[in-house]
1. Among the residues of segment 41-70 satisfying the criterion of being charged (D, E, K, R) and under 16 Å from Arg84 (Cβ atoms), which is nearest to ligand 2 (Cβ to nearest atom)?
2. Just to verify a result, which residue in segment 164-173, among those that are of a type in the set (Val, Ile, Thr) and not in a helix (DSSP H, G or I), is surrounded by the fewest Cβ atoms within 10 Å (Cβ to Cβ)?
3. Would you check if Asp31 is farther than 30 Å from Asn188 by Cβ, away from ligand 2 (no atom under 16 Å from the Cβ) and charged (D, E, K, R)?
4. Could you list, in sequence order, the residues of segment 73-105 that are among the acidic types (Asp, Glu), surrounded by 15 or more Cβ atoms within 10 Å (Cβ to Cβ) and at pLDDT below 95?
5. With respect to Leu227, is the statement that it is assigned by TED's automatic domain parsing to the domain that holds Val192 and surrounded by 21 or more Cβ atoms within 10 Å (Cβ to Cβ) true?
6. Please determine, by comparing only the residues of segment 189-204 that are more than 16 Å from ligand 2 (Cβ to nearest atom) and part of a helix (DSSP H, G or I), which one is surrounded by the fewest Cβ atoms within 10 Å (Cβ to Cβ).
7. Just the residues that are assigned to a helix (DSSP H, G or I), of a type outside the set (Lys, Arg) and surrounded by fewer than 16 Cβ atoms within 10 Å (Cβ to Cβ), please, taken from segment 244-266.
8. Please verify whether Ile11 is modelled with pLDDT of 95 or more, within 16 Å of ligand 1 (Cβ to nearest atom), within 34 Å of the chain's Cα centre (by Cα) and not assigned by TED's automatic domain parsing to the domain that holds Phe170, treating the condition exactly as stated.
Amino acid sequence: MKTPFELGKSILQRLRAEGHEAFFVGGFVRDRLLGFSTDDIDIATSALSEDVEAIFERVVPTGIRYGTVTVLMEHASFEVTTYRTESGYYDRRRPDQVTFTRSLEEDLKRRDFTINQLVMDDKENVLDHFGGLDDLKTKTIRTIGDPKERFEEDALRLLRAFRFVAKLGFTIENNTSEAIKSHRNTINDVAVERILDEFDKILHAPYRKHAFEAICETQFHETFFGLSKGIEILAKSTTKYSPLAAYTLLFYYQPKLFDTFKFSKRTEKTVKTIYAVSKRLKDDGVSERLVFDEGKEQLLHADDFLKLIDFPSHEKAIRAIAASLPIHTINALAFNGDDCLNTLPIKRNADIGIILNQLVEDVITGKVSNQYETLKARAYEINDSLQGVRKGEKS
Ligand code: ATP
Ligand code: MG
């Protein structure tokens, strides 16, 4: 089976055979030169989309307005984009005008950073118009052209600079960094969906701490949606933490987090739960009951969050209890609700819930073993005492 890279080369060759120029471009070339493999392959070509559609059998018009089509080949897909320039950035968001061009250099000039404009041909020769190879060697993030102009055109690039720090562990070059500092307010004009998208990538990337440090050095965080305190902590933190714990931290210091950014309902709910769980963990410490109720994963996120705000970690205890819990759900009880109904002199249906809950407590704390006969005997006792209490109440 051919690799996506080999299939991509065959696309370049087909385009060339039809008289067009075509190169691998962008993140794929950068990452390949750094030794990472990715199947996310972008191709730049002098051919127009309609030419590309005529040449290949399976083509999806994914972004015709911007000159992009997706070419499908065997199991792989490729974004093939006509050389283009961009002008008239509306509201620092998206270019409101795209012009196709015959010049590769023109196309490369509109790209954000020198390391993102390298191109590779089908023989794996690399072309470098703006010093990207040197910057790869010295691990430098540098805009193509005047950084101020480039950030004025598109403020999302401010955050993209940090994203590549987070992904690659590179350093932002001085002029670029100064321009980020002077233009930091303009990020507020960018659509929040795009901001969250980049921010989330930063939080998931291996060098995120470097990125948060760079964010603080440029004071970018100060005007970034009230997240400055949380980001400062992330820049300083030496503990490991999950992205969900980081969002909990940001939410803790900025309760409007979910009003500003549209997270998925699920993420929002999880973060709010982790926050609530962290309070239980902080106030009461770890217990079998807490691990049973909240689950190991949720508690570990809560523990990560507490570590970030300097509370001692309960991680060992959480893991030890989770590993030793005899049951993890109420359904795992060897004596269930039906068994209660069928074998006990139950007076009120609501008592079943109370009995099962007590059985859970007794099993997870090791008072009784999770065996049918043992639990049945214990259930009798609980039921008796419930009815005893009720009699006492009446008299
Ligand atoms: P990743 O591997 O993280 O996807 P990437 O470099 O492929 O990184 P993309 O966001 O997929 O990043 O963009 C593909 C290419 O398009 C970039 O390498 C860059 O050349 C160009 N690009 C993307 N967004 C911008 C932008 N806002 N301004 C200028 N060029 C951009
Ligand atoms: Mg990409």
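1. Step one: of segment 41-70, the residues charged (D, E, K, R) are 42, 50-51, 53, 57-58, 65.
If we keep only those that are under 16 Å from Arg84 (Cβ atoms) too, we end up with 42, 50-51, 65.
Working: Asp42: 6, Glu50: 24, Asp51: 23, Arg65: 19 Å.
For segment 41-70, the residue satisfying everything is Asp42.
2. Looking at the filtered set, the residue picked out is Thr171.
3. Here the answer is no, as Asp31 does not meet what is asked.
4. Across segment 73-105, the qualifying residue is only Glu86.
5. In short, yes.
6. Keep residues of segment 189-204 that are more than 16 Å from ligand 2 (Cβ to nearest atom), which gives 189-193, 195-196, 199, 203.
Then keep just the ones that are part of a helix (DSSP H, G or I); that gives 189, 192-193, 195-196, 199, 203.
Numbers: Asp189: 11, Val192: 13, Glu193: 9, Ile195: 20, Leu196: 14, Phe199: 24, Leu203: 20.
Filtering first and then ranking leaves Glu193.
7. Asp259, Thr260
8. no
The values are calculated or read from the model by the stated rules, or taken from the named source; none is laboratory data. Here the structure is a predicted model, which is why all the values come from computation and not from measurement. Every residue, glycine as well, gets a Cβ built from its backbone with ideal geometry; the counts of neighbours run over all protein chains shown.
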